[in-house]
1. Condition test on residue 132, is it over 13 Å from the mean Cα position of the chain (by Cα) and among the β-branched types (Val, Ile, Thr)?
2. Tell me whether segment 48-69 contains one or more residues that are open to solvent by 70 Å² or more (accessible area, probe 1.4 Å), modelled with pLDDT of 90 or more and assigned to a helix (DSSP H, G or I).
3. Which of the following residues is buried (at least 17 other Cβ atoms within 10 Å of the Cβ), touching a Phe, Trp or Tyr at 6+ places or on another chain (Cβ under 6 Å) and in a helix (DSSP H, G or I): 175, 191, 123?
4. Taking only segment 196-229 into account, find how many residues are in a helix (DSSP H, G or I), buried (at least 16 other Cβ atoms within 10 Å of the Cβ) and at pLDDT below 90.
5. Hey, can you tell me all the residues within segment 97-118 that are modelled with pLDDT under 90, aromatic (Phe, Trp, Tyr) and under 22 Å from the mean Cα position of the chain (by Cα)?
6. For segment 1-12, give me each residue that is aliphatic (A, V, I, L, M), at pLDDT 85 or above and open to solvent by 80 Å² or more (accessible area, probe 1.4 Å).
7. Go through segment 122-138 residue by residue and tally those that are more than 28 Å from residue 213 (Cβ to Cβ) and either touching a residue at least 60 places away in the same chain (Cβ under 8 Å) or of a type in the set (D, E, K, R) (or both).
Amino acid sequence: MHASTVRTLLVRGMLAGLIAGLFAFAVSYVVGEPPVNSAIAVEEAKAAQEAPAAHGAHAGHGGGTAAAEAAEEEEGVSRTVQSTFGLATGVLVYGVALGGIASLAFSFALGRIGRFSPRATAALTAAGAFTTVYLVPFLKYPATPPAVGNPDTIGKRTTLFFLMILLSVLLGIGAVIAGRRLAPRLGNWNATLAAGAGFVVVTAVAFAVLPDNEDAVAAGFPAGVLWDFRLASLAIQVVLWAVFGIAFGLLAQKALAPRTAAGDTEVQLGAPAAG
């Protein structure tokens, strides 16, 4: 594939990621913000209950210290801005970045994973990216609302999550390579089943070996709020990757149509004349 074609697909992938980000932002605002607000309300209620004890402990030092600590805890950005402009900026940048990366993966996969059209390859790329980048890590380390887990272990939990992403992506690439090598002997269908089964087995072993996030959720946190937040997180990612697969498939099909048509013309011109 020529560099100019890859560059065109990269731009269109980022555009598709932007479109997908708009849909994901809508879902985030409508479905994701209510459980986040509920989680913040739980944290504030807990802090209010603990405040009298903290106030008594600092009473001997004067009221100025308590006032200073309260001022330090004030948010620099209001919750309204966080849930609108801040959320939109984060989701859109996330969509554009993932769209660009996924378009490069599409450029590599096109023609190497089977005789699929650009739209079908885009759909498979989106499905594979959703599975390896989000779904598998989510099953091991599910999302949690803000201010819920132990802040002292956030670095460890973040490291484990990104390690799971890296491992899942590598296992996914390995499954695709294994499937391609097994296809000549087992056939495409059986090779796909064998590679998929191997991916599941190795992933299950990784789940058993890697440590759990035992302090990711504070004791006593409402299970309903946690469940709603995790379902919302999953829905956002499903919408993001589904819209990206559809939008990028259409854009890639249009970008590659002239090249496909030119290739068909060359084949026809080079074909021997009928007797």
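1. On the way: over 13 Å from the mean Cα position of the chain (by Cα): no; among the β-branched types (Val, Ile, Thr): yes.
The answer is no for residue 132.
2. Scanning segment 48-69, I find no residue that is open to solvent by 70 Å² or more (accessible area, probe 1.4 Å), modelled with pLDDT of 90 or more and assigned to a helix (DSSP H, G or I), so the answer is no.
3. Of 175, 191, 123, the one residue that is buried (at least 17 other Cβ atoms within 10 Å of the Cβ), touching a Phe, Trp or Tyr at 6+ places or on another chain (Cβ under 6 Å) and in a helix (DSSP H, G or I) is 175.
4. Adding up the residues that qualify gives 2.
5. Of everything in segment 97-118, just one residue is modelled with pLDDT under 90, aromatic (Phe, Trp, Tyr) and under 22 Å from the mean Cα position of the chain (by Cα), namely 108.
6. Within segment 1-12, just 11 meets the criteria.
7. 3
Table: residues versus (1) buried (at least 18 other Cβ atoms within 10 Å of the Cβ); (2) over 26 Å from residue 257 (Cβ atoms); (3) hydroxyl-bearing (Ser, Thr, Tyr); (4) in contact with a helix residue (DSSP H, G or I) (Cβ under 6 Å, 6 or more places away or on another chain).
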position: 14; (1), (2), (3), (4): yes, no, no, yes
position: 18; (1), (2), (3), (4): no, no, no, yes
position: 25; (1), (2), (3), (4): yes, yes, no, yes
position: 33; (1), (2), (3), (4): no, yes, no, yes
position: 43; (1), (2), (3), (4): no, yes, no, no
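The values are calculated or read from the model by the stated rules, or taken from the named source; none is laboratory data. Only a predicted model underlies this, so the values are computations on that prediction, with no experimental measurement involved. Cβ atoms come from the backbone with ideal geometry, glycine included; neighbour counts cover every protein chain shown. Note: areas computed on protein heavy atoms with side chains; ligands, DNA, RNA excluded. Shrake-Rupley method; radii C 1.70, N 1.55, O 1.52, S 1.80 Å.
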